[in-house]
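S.K.: The structure's right below; bear with me while I get my questions together.
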Amino acid sequence: MKAMVFAAGQGERLRPLTDKTPKALVPVAGRPMIEYPLLLLRHYGIQEVIINLHHLGEQIEAYLNDGAKLGLRIIYSKEQELLDTGGGLLKAKPFLQDGTFIVINTDVLIDLPLAELIDFHRAKKAAATLALRPDELADQYGSIEIDSEGRIYRFLRVKRPTAPAGPCAKLMFTGVQILEPKIFEYMPSDGSFAKFGTTKDTYPRMLLAGEALSGYRFDGFWQDVGSAERIKDAEDVLARGRARLHFL
């Protein structure tokens with residue numbers, strides 16, 4: 001199985017630090033934040049990874065090189081202009097289109113049992129499975145609803161045409177997802193790399209078309225590290241032993 005790590009963002013919430021350092025290389029608890037998703041992938045035997053680059057991307061490439069020092073095989077997808085999640089995925093299609101693949105955001109720490117997520121995805125025969133987490137502010141930031149069978153019923157403001165199976169739970173996206181090449185059928189096919197998002201454009205389109213979109217509920221440790229405050233929170237939790245990352 002192959003994977004993609006999103007690392008093209010400009011890290012606006014981390015400025016001025018990211019004026020000279022790409023977000024992916026900002027240290028969190030003693031290591032660049034991009035190493036966490038990479039080490040999670042490696043722990044589960046996933047070695048072939050593509051990383052998209054934009055802001056100060058040459059620094060990321062110089063640091064990781066071909067990935068050998070982490071036991072990985074890394075290639076890069078360079079974006080002259082930011083393409084957002086959908087455009088970034090579409091540009092990486094030649095690398096990803098041969099089978100099931102994983103996509104992870106750079107700026108999250110998550111103690112996720114990735115093998116369980118993959119098994120869940122396969123059992124549901126889903127076109128896409130998103131790892132979701134409970135959050136009392138889900139409605140404020142944009143919730144995703146899953147029914148009692150783990151099917152996504154509502155994605156932001158778009159609802160599945162068929163009724164849900166049982167009561168729904170409102171959750172939020174963790175930044176980890178398992179995808180099938182089917183997703184590319186719901187993206188532009190004219191060869192252009194326009195800027196568009198999976199959450200705003202692709203997934204709502206798939207939901208309305210009746211594609212199998214699943215949500216895997218994850219209740220373990222998760223922390224966004226996209227701002228200095230969030231990084232400090234994560235470092236405090238790890239230093240005090242209130243959470244651990246099993247893949248380190």
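S.K.: Computed FRET efficiency, Cβ-Cβ of residue 125 and residue 75, R0 22 Å: what is it to the nearest 0.05?
M.R.: Details: r = 29 Å, r/R0 = 1.33.
In this case the efficiency is close to 0.15.
S.K.: I'd like the FRET efficiency for residue 111 and residue 158, computed as 1/(1 + (r/R0)^6) with the beta carbon distance as r and R0 of 30 Å, rounded to 0.05.
M.R.: 0.50
S.K.: If you place +1 on the Cβ of every Lys and Arg, -1 on the Cβ of every Asp and Glu, and leave all else neutral, what size is the dipole of the stretch 170-230 about its Cα centre, to the nearest 20 Debye?
M.R.: So the magnitude is around 140 debye.
S.K.: Once Lys and Arg get +1 and Asp and Glu get -1 on their Cβ, which of 172, 80, 215 lies farthest toward the positive end of the dipole of the chain?
M.R.: Among 172, 80, 215, the one farthest towards the positive end of the dipole of the chain is 215.
S.K.: If you take every residue apart from residue 123 with its C-beta less than 15 Å away from the C-beta of residue 123, what net charge results, scoring Lys and Arg +1 and Asp and Glu -1?
M.R.: +1
S.K.: In deg cm²/dmol and to the nearest 500, what is the mean residue ellipticity at 222 nm of the chain if only DSSP H runs of at least 4 residues count, each as -39500 (n - 2.57), divided by the residue total?
M.R.: -6500 deg cm²/dmol
S.K.: Something else: Which one, 1, 90, 193, is farthest towards the positive end of the dipole of the chain when Lys and Arg carry +1 and Asp and Glu -1 on their Cβ?
M.R.: Result: 1, furthest along the dipole toward the positive end.
S.K.: Which shape class applies to the stretch 108-248: rounded if a/c is under 1.5, otherwise prolate when a/b exceeds b/c and oblate if not, where a ≥ b ≥ c are the square roots of the Cα gyration tensor eigenvalues?
M.R.: Prolate shape, in that a/c is at least 1.5 and a/b is the bigger ratio.
S.K.: Treating only the Cβ atoms of Lys and Arg (+1) and Asp and Glu (-1) as charged, compute the dipole magnitude of the stretch 1-126 about its Cα centre; round to the nearest 20 debye.
M.R.: 180
S.K.: Another question about this same structure. Tell me which trypsin sites (Lys or Arg not before Pro) from the stretch 1-96 have a DSSP coil assignment and no more than 13 other beta carbons within 10 Å of their own.
M.R.: 20
S.K.: Here is a further query. Could you list 121, 55, 43 so that the one with the fewest beta carbons within 10 Å of its beta carbon is first and the one with the most is last?
M.R.: 43, 55, 121
S.K.: While we're looking at this one, here's another question. Of the trypsin sites (Lys or Arg not before Pro) in the stretch 166-248, which ones lie in a loop per DSSP and count no more than 15 other C-beta atoms within 10 Å?
M.R.: Passing sites in the stretch 166-248 are 195, 240, 242, 244.
S.K.: List, in order, the whole-Hz ³J(HN,Hα) value for each residue of the stretch 204-218 obtained from phi through the Karplus relation with A = 6.51, B = -1.76, C = 1.60 and θ = phi - 60°; use x for Gly and Pro.
M.R.: Each residue of the stretch 204-218 in turn: x, 5, 5, 4, 5, 7, x, 5, 7, 10, 10, x, 9, 6, 10 Hz.
S.K.: Something else now. For the stretch 202-248, which GluC sites (Glu not before Pro) are in a loop by DSSP, counting at most 11 other Cβ atoms within 10 Å?
M.R.: For GluC sites (Glu not before Pro) across the stretch 202-248 that sit outside H, G, I, E and B with at most 11 neighbouring Cβ atoms in 10 Å, the list is empty.
S.K.: To the nearest 20 debye, what is the magnitude of the charge dipole of the chain about its Cα centre, counting +1 on the Cβ of each Lys and Arg and -1 on the Cβ of each Asp and Glu?
M.R.: On the way: 32 positive and 32 negative charges, 46 e Å.
In total the dipole reaches around 220 debye.
S.K.: For the pair residue 48 and residue 205, how long in nm is the line joining their label points, each one 7 Å along Cα→Cβ?
M.R.: Once both label points are built, they end up 2.6 nm from each other.
S.K.: Hey, what do the phi angles of the stretch 145-161 turn into as Karplus ³J(HN,Hα) couplings, whole Hz, using 6.51/-1.76/1.60 and θ = phi - 60°, x for Gly and Pro?
M.R.: My calculation for the stretch 145-161 gives 9, 10, 8, 5, 9, x, 8, 6, 9, 10, 10, 6, 9, 9, 10, 5, x Hz in order.
S.K.: List the residues, sorted by chain then number, that are 5 or more residues from residue 221 or on another chain and whose placed amide H is less than 5 Å from its amide H.
M.R.: So residue 221 has HN proximity to 111.
S.K.: Determine, from the Cβ-Cβ distance of residue 242 and residue 137 and an R0 of 22 Å, the FRET efficiency 1/(1 + (r/R0)^6), rounded to the nearest 0.05.
M.R.: Efficiency computed from Cβ-Cβ geometry: 0.60.
Here, each number is a calculation from the coordinates, and none is a lab measurement. Just so we're clear, the structure is a prediction, and the values are computed from it rather than from any experiment. With ideal geometry, Cβ positions are generated from the backbone for all residues, glycine too; neighbour counts draw on all protein chains shown.
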